[in-house]
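Here is the structure we will look at, set down as structure tokens.
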Amino acid sequence: MSVHSIGRSLSSIVVSRTGKDIENGDSVAVSGYTETSVKMLQIILAAWNIRAKLEIFPGMYGWDLLDKAPFALLIGDEALRARMTDLDITLDIGEAWCKITSSPAVFAVSAVNKSTLIENRGKVRKGSDLLKKALRFRWKIIHELVAEASWKYSLPHDLLSEYFQRIRLDFNRSVKRGLREFMKRTQWLNDIEAHGLQ
């Protein structure tokens with residue numbers, strides 16, 4: 001199982017009040033709630049040769065981040081809600097990632113270490129089968145899920161419908177390729193930072 005998008009994610013975005021793109025020397029405020037999207041943003045900016053400073057504010061999120069810097073990374077419900085405001089969406093992490101790497105943006109995966117798999121093969125297989133069954137069932141009741149989420153979170157039905165279509169939860173060869181791309185580029189970025197080349 002994984003959480004990934006092919007193209008726009010809608011739920012991992014950079015916003016601003018300026019209407020401008022991120023440029024060299026700009027600051028982007030990020031919360032401590034996501035490491036994956038932060039790392040992806042660093043990789044995207046490096047690929048575009050943009051030297052921006054990512055400032056982490058643990059425990060802070062949403063619009064409060066824009067009081068700390070001209071740009072802010074929003075994730076989850078806050079990112080979806082931002083689409084209902086006058087904030088400018090500077091970039092969508094999933095969309096930018098796919099353009100740069102030609103692979104899905106993988107935000108999270110479920111995994112099991114080899115020793116657990118060896119010791120509990122039957123339980124792991126049963127859990128895996130249940131997850132696959134749940135994912136198939138999700139598509140059968142997608143309209144009900146969208147309607148309930150729209151009511152619960154006061155978000156537009158059309159926006160949530162697109163979101164549930166774009167955010168995928170399965171794990172396949174394409175996702176594995178995206179995960180490997182993320183790991184390779186993370187190592188590349190770490191090497192750059194270690195040698196002071198950024």
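Quick notes
- Pairs where the first residue, in region 144-160, is within 13 Å of D77 (Cβ to Cβ) and the second is assigned to a helix (DSSP H, G or I) and hydroxyl-bearing (S, T, Y), C-beta under 6 Å, 6+ apart: L160/S150
- Enumeration of residues in region 29-40 that are surrounded by 15 or more Cβ atoms within 10 Å (Cβ to Cβ) and farther than 11 Å from L74 by Cβ: T36, V38, K39, M40
- Residue check, A108 touching a helix residue (DSSP H, G or I) at 6+ places or on another chain (Cβ under 9 Å), surrounded by 15 or more Cβ atoms within 10 Å (Cβ to Cβ), closer than 17 Å to S9 by Cβ and modelled with pLDDT under 95: no
To keep it simple, each residue is scored yes or no on (1) in a strand (DSSP E or B); (2) of a type outside the set (A, V, I, L, M); (3) in contact (Cβ under 8 Å) with a residue 12 or more places away in the chain; (4) under 26 Å from I192 (Cα atoms).
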{"position": "A29", "(1), (2), (3), (4)": "yes, no, yes, yes"}
{"position": "A46", "(1), (2), (3), (4)": "no, no, yes, yes"}
{"position": "I56", "(1), (2), (3), (4)": "yes, no, yes, yes"}
{"position": "L91", "(1), (2), (3), (4)": "yes, no, yes, yes"}
{"position": "C98", "(1), (2), (3), (4)": "no, yes, yes, yes"}
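- Looking across D77, D64, one residue alone is in a helix (DSSP H, G or I) and within 15 Å of the chain's Cα centre (by Cα). It is D77.
- Among residues of region 147-164, those that are loosely packed, with under 12 Cβ neighbours inside 10 Å and either of a type in the set (S, T, N, Q) or not in a helix (DSSP H, G or I) (or both), counted: 1
- Filtered residue count, region 116-146, keeping only those that are of a type in the set (S, T, N, Q) and part of a helix (DSSP H, G or I): 2
The values are calculated or read from the model by the stated rules, or taken from the named source; none is laboratory data. Owing to the predicted nature of the structure, the values given are computational and were not obtained by experimental measurement. Reconstructed Cβ throughout: ideal geometry from the backbone, glycine too, with neighbour counts over all protein chains shown.
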